[in-house]
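The values are calculated or read from the model by the stated rules, or taken from the named source; none is laboratory data. Note that the coordinates shown come from a computational prediction; the quantities given were computed from them, not determined experimentally. Using ideal geometry, Cβ is built from the backbone for each residue, glycine included, and neighbour counts are taken over all protein chains shown.
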Amino acid sequence: MTTTTDLDRELTLRLRIDALVADYIHCIDEDRLEEWPDYFTADGRYKVITRENYDLNMPVALIYCDGRGMFEDRISALRTANIYEPHVYCHMVSALKILDSSGPDIRTQSNFTITRTMSEGDMMTFLCGKIFDTVTEVDGEMKFKERTVILDSRRIDTLLVIPV
Amino acid sequence: MDTAQIDPGTDFVWPSEDVSQIPFRVYTDQDLYDREQRVLFQGPTWNFLCLDCEIPEPGDYKMTYIGDAPIIVVRDENGNINAMVNRCAHKGSLICYKPRGNVKEFACIYHNWTYNLRGKLTGVAFGKGVRGQGGLTEEFKHDEHGLERIRIENVRGFIMGTFSDETPPFAEYIGQELMDNIDRVFIKPLKVLGYHSQIFPNNWKLYVENNKDSYHASLLHVFHNTFGVVRPTMTGGIKLSDSRWHHLSYTQREEIGDDNIAKEKIRSKQDDYSLSDTRMMEHVLELGDKITNSIQTVFPTMVLQQILNALAVRQLIPKGVNESELIWTILGFDDDDADMDELRLQVNNLVGPAGFISMEDGCVGGFIQTAAKANVDAQTILPMGGRKIEPSDGSRVTESAVRGFWKGWRECMGV
């Protein structure tokens, strides 16, 4: 039976995760990418993988970060080395489902779409799919311990440079 | 081939005496695109279809393309691999519409005509009619209405296909020197680690040229210089097949007598700037030599890649004049241990649609495609390394291999 205490706990948890996700997507959409690694634990793992590979149990990801250094390298490369037509994302995240909240690591799933707008103003629905997260509390702050982005949209238009 | 296409010829005239100037029209012209389908993709060329290890069991199939033509590759009951055009002999519907699977036979969903795993027509629904009415007449011969077969060759586990009986055997097609590189890299049974698909906003040939263009690597892909993937201390060169249609570009480490050569830490040219995490740049010398990068093309649209420990085969599929799709099949060796599996995941950050040293290839073709419209009768120029189409032992600052591609294109297209 769900008690008031359980409900309070779940509501609090949902609000905290929702705030984490909102901060995260605004950080990316507003091009504050240097802050992006801060949303993960120091040993955080991040994967953007197609649904095709995921369903086939194949490990290769489009982007794979394991530990803070690799998150920082993604951003420093994007700022200093990689060349691409400027563009911005607009993330839409919805249908947060808590899969497991019994321990300190909370597992969730949600849906997302990203529209991409190029410097000339063309907009397209760039990516869509599901996100599986493992969220944990570090010094009172919610952080992603693991974030797996599974792309239904298997074909990448032109290139993928800004993280999801 | 029972359905060889008739060549209606072309009015297009190559505007110069050699292949060091390329008219923009070749990237924008629908008639040339249509002709490429008929006489190049369905002409005397070998096209990558899939890997042997992707269809290990009888009945396993995979959908793919040669140019615009949809193709099925399937393993039959005897273990042999067959390839057929994915088009029912009756109304022309796709026979397979799921990208991969396992079947006992192929059945068209439209009118349930069935074919065996060699493409032979085995059944026609209501072929005898209903209550003596309708159905096929005696003049209909099942043997004359199979799926169109594609000639294949299994090259070290890479299944290659060609529409033409004129195409020389694969080893002769690319020549001994380039066969040697396939043997050098793909030394053991392979496994597929995953796929990427990337849509380029440009004509297919711009991406093929880009692969043959070793001149751009350290200039466009700034990551190379900034983080030192390809460094001045490395030697390398360009090899070309006798036909000049196919090429190999490679770089290798110098003998530096460093015990730590396999795990050389990468620093940028700016001494204060380096990668925070260098694991993806670690290179286990698994092939018995010190070659760090090799990019090999097989005319028209196949690329075999070794970048450190990132192995892949890339297949380019034209999608109309202005668009193309690149399918990356990411490879490892079947006997890789857990550490090697992890290293390959790390190093694959370098390549693919989000790859540190490959993502720019996605946008640069589109930049040319857009600019081409300024005047399609103007020409691009390929002056680096002169006008000849020669291999290069030292410098990779040459467009020889790109000129070799255009030699092949002109020979296939008859222009």
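Checking B:N375, B:N322 one by one, the residue that is more than 14 Å from chain A (Cβ to nearest Cβ), closer than 27 Å to B:P201 by Cβ and of a type outside the set (F, W, Y) is B:N375 and no other.
Taking the criterion of being touching a helix residue (DSSP H, G or I) at 6+ places or on another chain (Cβ under 9 Å), closer than 27 Å to B:N322 by Cα and crowded, with 20+ Cβ neighbours inside 10 Å, would at least one residue in the range B:46-61 satisfy it? Taking every residue of the range B:46-61 in turn, at least one turns out to be touching a helix residue (DSSP H, G or I) at 6+ places or on another chain (Cβ under 9 Å), closer than 27 Å to B:N322 by Cα and crowded, with 20+ Cβ neighbours inside 10 Å. When restricted to residues that are at pLDDT 75 or above and farther than 14 Å from B:N293 by Cα, the range B:222-237 contains 2. Are any residues in the range A:62-73 at the interface with chain B (Cβ under 7 Å from one of its Cβ atoms), under 16 Å from B:R279 (Cβ atoms) and not in a helix (DSSP H, G or I), and if so, which ones? Answer for the range A:62-73, where residues must be at the interface with chain B (Cβ under 7 Å from one of its Cβ atoms), under 16 Å from B:R279 (Cβ atoms) and not in a helix (DSSP H, G or I): A:I63, A:Y64, A:G67.
Mind counting the residues in the range A:128-164 that are within 11 Å of chain B (Cβ to nearest Cβ) and assigned to a strand (DSSP E or B)? Working first, answer last.
Kept after step one, since they are within 11 Å of chain B (Cβ to nearest Cβ), are these residues of the range A:128-164: A:151, A:153-164.
This time we only want the ones that are assigned to a strand (DSSP E or B), so: A:151, A:155-157.
Final tally of qualifying residues: 4.
Evaluation of B:K239 against the conditions (1) away from chain A (no Cβ under 14 Å); (2) not in a strand (DSSP E or B) shows that the sole unmet condition is (2). Report yes if A:I28 is among the β-branched types (V, I, T) and within 15 Å of the chain's Cα centre (by Cα), otherwise no. Yes. Among the listed residues B:E177, B:E172, identify the single one that is of a type in the set (D, E), within 18 Å of B:T45 (Cα to Cα) and part of a helix (DSSP H, G or I). Step by step, each of B:E177, B:E172 is checked, and only B:E172 is of a type in the set (D, E), within 18 Å of B:T45 (Cα to Cα) and part of a helix (DSSP H, G or I).
Of note, B:R151 does not satisfy the criterion of being under 30 Å from B:M302 (Cβ atoms), of a type in the set (D, E, K, R) and in a loop (DSSP other than H, G, I, E, B).
For the range B:349-357, check the following and say yes or no: at least one residue is part of a helix (DSSP H, G or I), in contact with a Phe, Trp or Tyr (Cβ under 7 Å, 6 or more places away or on another chain), at the interface with another protein chain (Cβ under 8 Å from one of its Cβ atoms) and not aliphatic (A, V, I, L, M).
Quick first cut of the range B:349-357, residues part of a helix (DSSP H, G or I) only: B:349-350.
Filter once more, so that each one left must be in contact with a Phe, Trp or Tyr (Cβ under 7 Å, 6 or more places away or on another chain): B:349-350.
Now narrow it down to the ones that are at the interface with another protein chain (Cβ under 8 Å from one of its Cβ atoms): B:349.
Now drop any that are not not aliphatic (A, V, I, L, M), which leaves B:349.
Yes, the range B:349-357 contains at least one residue that is part of a helix (DSSP H, G or I), in contact with a Phe, Trp or Tyr (Cβ under 7 Å, 6 or more places away or on another chain), at the interface with another protein chain (Cβ under 8 Å from one of its Cβ atoms) and not aliphatic (A, V, I, L, M).
Scanning the range A:74-100 for residues that are part of a helix (DSSP H, G or I) and of a type in the set (K, R) yields A:R74, A:R79.
Can you tell me which residue among B:G365, B:G394, B:G385, B:G408 is within 24 Å of the chain's Cα centre (by Cα), in contact (Cβ under 8 Å) with a residue 12 or more places away in the chain and surrounded by fewer than 23 Cβ atoms within 10 Å (Cβ to Cβ)?
On the way: B:G365 fails: surrounded by fewer than 23 Cβ atoms within 10 Å (Cβ to Cβ); B:G394 fails: within 24 Å of the chain's Cα centre (by Cα); B:G385 fails: within 24 Å of the chain's Cα centre (by Cα).
When all the criteria are applied, what remains is B:G408.
For the range B:392-414, the set of residues classified as in a loop (DSSP other than H, G, I, E, B), out of contact with any Asp or Glu (no Cβ under 9 Å at 6 or more places or on another chain) and not β-branched (V, I, T) consists of B:D393, B:G394, B:S395, B:R396, listed by residue number.
Among the residues of the range B:186-215, those identified as assigned to a helix (DSSP H, G or I), within 14 Å of chain A (Cβ to nearest Cβ) and within 17 Å of B:V298 (Cβ to Cβ) are B:Y207, B:N210.
When you go through B:R87, B:R149 one by one, which is the residue that is surrounded by 13 or more Cβ atoms within 10 Å (Cβ to Cβ), of a type in the set (K, R) and over 30 Å from B:M179 (Cα atoms)? Spell out the reasoning first.
Details: B:R149 fails: over 30 Å from B:M179 (Cα atoms).
Result of the check over B:R87, B:R149: B:R87.
Could you tell me whether any residue of the range B:332-341 is closer than 30 Å to A:R79 by Cα, touching a helix residue (DSSP H, G or I) at 6+ places or on another chain (Cβ under 6 Å) and at pLDDT 95 or above? Among the residues of the range B:332-341, not one is closer than 30 Å to A:R79 by Cα, touching a helix residue (DSSP H, G or I) at 6+ places or on another chain (Cβ under 6 Å) and at pLDDT 95 or above, which makes the answer no. Exactly one of these conditions fails for B:F170: (1) touching a residue at least 40 places away in the same chain (Cβ under 8 Å); (2) aromatic (F, W, Y); (3) crowded, with 20+ Cβ neighbours inside 10 Å. Give me its number. The number of the failed condition is (3).
Being away from chain B (no Cβ under 14 Å) and loosely packed, with under 14 Cβ neighbours inside 10 Å holds for only one residue in A:D29, A:D55, A:D6, and it is A:D6.
Closer than 17 Å to A:T158 by Cα and in contact (Cβ under 8 Å) with a residue 12 or more places away in the chain: is that true of A:V88 in this structure? It would help to see each step written out before you state the result.
On the way: closer than 17 Å to A:T158 by Cα: yes; in contact (Cβ under 8 Å) with a residue 12 or more places away in the chain: yes.
For A:V88, the condition - closer than 17 Å to A:T158 by Cα and in contact (Cβ under 8 Å) with a residue 12 or more places away in the chain - is met.
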